[in-house]
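Written below as structure tokens is the structure these notes are about.
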Amino acid sequence: MFAHAGGMSNMLKEGSKHFSGVEEAVLKNTQAGKELAHMVRSSLGPNGMNKMVINHLEKLFVTSDCCTIVREMEVAHPAAKILCLGANRQSEEVGDGTGLVISLGGDLLEKAEELIHVGLHPSDIVDGYVMAAAKANEILDTLVVEEFEALTAEDLCRSIRATFMAKAPGLEEFFVPKIVQACMQVIPEGGHLNVDSVRVAKVLGASFHDSMVVNGMVIPRNTEGTIKHMPDAKIICFNVEVEATNTENKGTVLIESSEQLMNYNKSEEKAMEDCIKAIADCGANVIITGSKFSEMALHFIERYKMMAIKIPSKFEMRRVCQTIGATTIAKLGACDPCELGSCSSIDVEELGDTQVCVFKQDASESAISTLLLRGATQNALNDLQRAIENGVNSVKEIIKTRQLCAGGGATEIELARQLTSFGESCTGMEQYAIKKFAESLEVIPRTLGENGGFNGSEVLASMYAAHEAGNANAGLDIDDGTVMDAVEKQVLDVLSTKRYAIKLAADSAITILRVDQIIMAKQAGGPKVAPTGR
């Protein structure tokens, strides 16, 4: 007769952990999601507070950007990590709305916990959330307040103003037109925006209002030689050293007299000069390398009035080649004219105590535009860069979808109102989960009000009253806590951002609620190493 197995503990490796059931698995997971959402929620909106995060490399981040916060925190709890993965997917797909994913996903888990405590089974809650998410997607199509046929610069400015304000309030009047200008320079006719074509360069010093748009690329480096200005630049790019070639085979040269030594040196110099002359004869007047220049090579480059630039980063090198239309060459020497890149001019400019190399292109030829940011501190510049990246991503989305919805929490309240009516029309146990899904959507206007210093319940009551009266665009005015018409005030959001965020938040919450067992294997690794040194 075989003995009965001693349960899960005998089946798993020693040191493994196992949790199961509603109390140990489901509620522990919902608790982790709630804690993450509560932490991130206070950073939502223009009045959101910053978080100071120091990552494992001891790098300091001071930001209200949700995606940066959850990425640098390195969340370890598996359930909370699922919410973080949803936020990361939102960042990659849309580029904005990560705070909405975390806040809504955490609130959905909180409402699910309430339903579990009153006796609903997690599977009923999941079914209700699936129905509610599908219905919310349908309702969103009816909440379009503006749809564009042909986009103008003014339309794009109105579309991304609220997105930029959420990260950098007070700077929108200056930066939003510059973001749109940088985007429109690189949008192909009838095509979509490649967000990698809009670069950001940061230089410490001066103020934010000294920032500018460069039609081309800015590299925070000086040139290697004395030539700092090159009009009508014809550029050759190498990914090898610009120096005398060393043979792969080892050998010994026997020199018997000073005359032989002089001739040997002259032959090396002549080979280098012939190489640089051949490069100049093929039409190039600028040499860029991802490696280094030898002293002898620089001497001959200067003699032939050429500019020398070193770009160690292969990513920056790739972008420069994209900007100027050059081909990277793997062997030192002359090239075909079709492999040369070109730009209107290359100039070295001094900004504060930093020298930058500016590649300028004609407006009709530019493949990359750069926003050159100035500011007093590196943290402020980094936060401004995140706001600009959100704005650029919003431009990409509005070019693809061309649909806007009301901002300031107006869309969420109207969704909540219509979903509540939909839940009341359902007859099964799912109706309770649908109504809780509708309540969870209230977290956005409530949080916007609370972060602005207003009473969240009063804000919701006044917004619901306006929506029941027939104003589906009634949103929160964060300046005084009153209800406003979001369309009249030009507080608009990109519809696809809301659509993706609600879908990803619901999917993340549903995934977590479907977990009924947690099995954690023993962690690999030997004993901890004793600290050395004092």
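Here Glu154 clears all of (1) in the same structural domain as Glu430 (by TED's automatic domain parsing); (2) surrounded by fewer than 15 Cβ atoms within 10 Å (Cβ to Cβ); (3) within 20 Å of Leu492 (Cα to Cα) except the condition numbered (1).
Looking only at region 259-281, filter to residues that are free of Cβ contacts under 8 Å to residues at least 40 places away in the same chain and of a type in the set (Gly, Ala, Ser); which one of those is surrounded by the most Cβ atoms within 10 Å (Cβ to Cβ)? Restricting to residues being free of Cβ contacts under 8 Å to residues at least 40 places away in the same chain and of a type in the set (Gly, Ala, Ser), the top hit is Ala280. When Val392 is tested against the conditions (1) crowded, with 19+ Cβ neighbours inside 10 Å; (2) without any contact (Cβ under 8 Å) to a residue 60 or more places away in the chain; (3) within 24 Å of Asn50 (Cβ to Cβ), the lone failure is (2). Scanning region 492-513 for any residue that is touching a strand residue (DSSP E or B) at 6+ places or on another chain (Cβ under 7 Å), assigned to a loop (DSSP other than H, G, I, E, B) and more than 30 Å from Lys81 (Cα to Cα) turns up nothing.
Residues in region 282-299 that are crowded, with 19+ Cβ neighbours inside 10 Å and assigned to a loop (DSSP other than H, G, I, E, B): 3 in all. Can we say Ala438 is touching an Asp or Glu at 6+ places or on another chain (Cβ under 9 Å), in the same structural domain as Asp127 (by TED's automatic domain parsing) and touching a residue at least 24 places away in the same chain (Cβ under 8 Å)? No: the conditions fail for Ala438.
Tell me the residue from Phe175, Phe148 that is within 23 Å of Ile478 (Cα to Cα) and of a type in the set (Phe, Trp, Tyr), please.
Working: Phe148 fails: within 23 Å of Ile478 (Cα to Cα).
Selected residue: Phe175, the only one of Phe175, Phe148 that is within 23 Å of Ile478 (Cα to Cα) and of a type in the set (Phe, Trp, Tyr).
From the residues in region 474-487 that are closer than 16 Å to Arg446 by Cα and not hydrophobic (A, V, I, L, M, F, W, C), which one is surrounded by the most Cβ atoms within 10 Å (Cβ to Cβ)? That would be Gly475. Scanning region 122-142 for residues that are in contact (Cβ under 8 Å) with a residue 12 or more places away in the chain and acidic (Asp, Glu) yields a total of 2. For Thr323, the conditions (1) among the polar types (S, T, N, Q); (2) buried (at least 18 other Cβ atoms within 10 Å of the Cβ); (3) without any contact (Cβ under 8 Å) to a residue 24 or more places away in the chain all hold with the exception of (3). Would you mind stating whether Val101 is out of contact with any helix residue (DSSP H, G or I) (no Cβ under 6 Å at 6 or more places or on another chain), assigned by TED's automatic domain parsing to the domain that holds Asn451 and β-branched (Val, Ile, Thr)? So Val101 does not fit the description; no.
Among the listed residues Ile255, Ile301, identify the single one that is modelled with pLDDT of 85 or more and on the phi < 0 side of the Ramachandran plot.
Ile301
With respect to Lys178, determine if the residue is in contact (Cβ under 8 Å) with a residue 60 or more places away in the chain, farther than 24 Å from Gly341 by Cβ, of a type outside the set (Gly, Ala, Ser) and in contact with a helix residue (DSSP H, G or I) (Cβ under 6 Å, 6 or more places away or on another chain).
It is false that Lys178 is in contact (Cβ under 8 Å) with a residue 60 or more places away in the chain, farther than 24 Å from Gly341 by Cβ, of a type outside the set (Gly, Ala, Ser) and in contact with a helix residue (DSSP H, G or I) (Cβ under 6 Å, 6 or more places away or on another chain).
Here the helices (runs of 4 or more DSSP H) wholly within region 14-107 that include at least 2 residues being under 15 Å from the mean Cα position of the chain (by Cα) and either over 25 Å from Ala433 (Cα atoms) or modelled with pLDDT of 85 or more (or both) are 66-73, 78-93. When Ala461, Ala469, Ala433, Ala465 are checked against the criterion of being buried (at least 19 other Cβ atoms within 10 Å of the Cβ) and in the same structural domain as Gly97 (by TED's automatic domain parsing), Ala433 stands alone in meeting it. Counting only strands (runs of 3 or more DSSP E) wholly contained in region 335-413, the ones carrying 1 or more residues that are more than 24 Å from the chain's Cα centre (by Cα), modelled with pLDDT under 90 and not assigned by TED's automatic domain parsing to the domain that holds Arg499 occupy 341-351, 354-360.
The values are calculated or read from the model by the stated rules, or taken from the named source; none is laboratory data. Because the structure is predicted, anything quoted here is derived from the model rather than measured. Every residue, glycine as well, gets a Cβ built from its backbone with ideal geometry; the counts of neighbours run over all protein chains shown.
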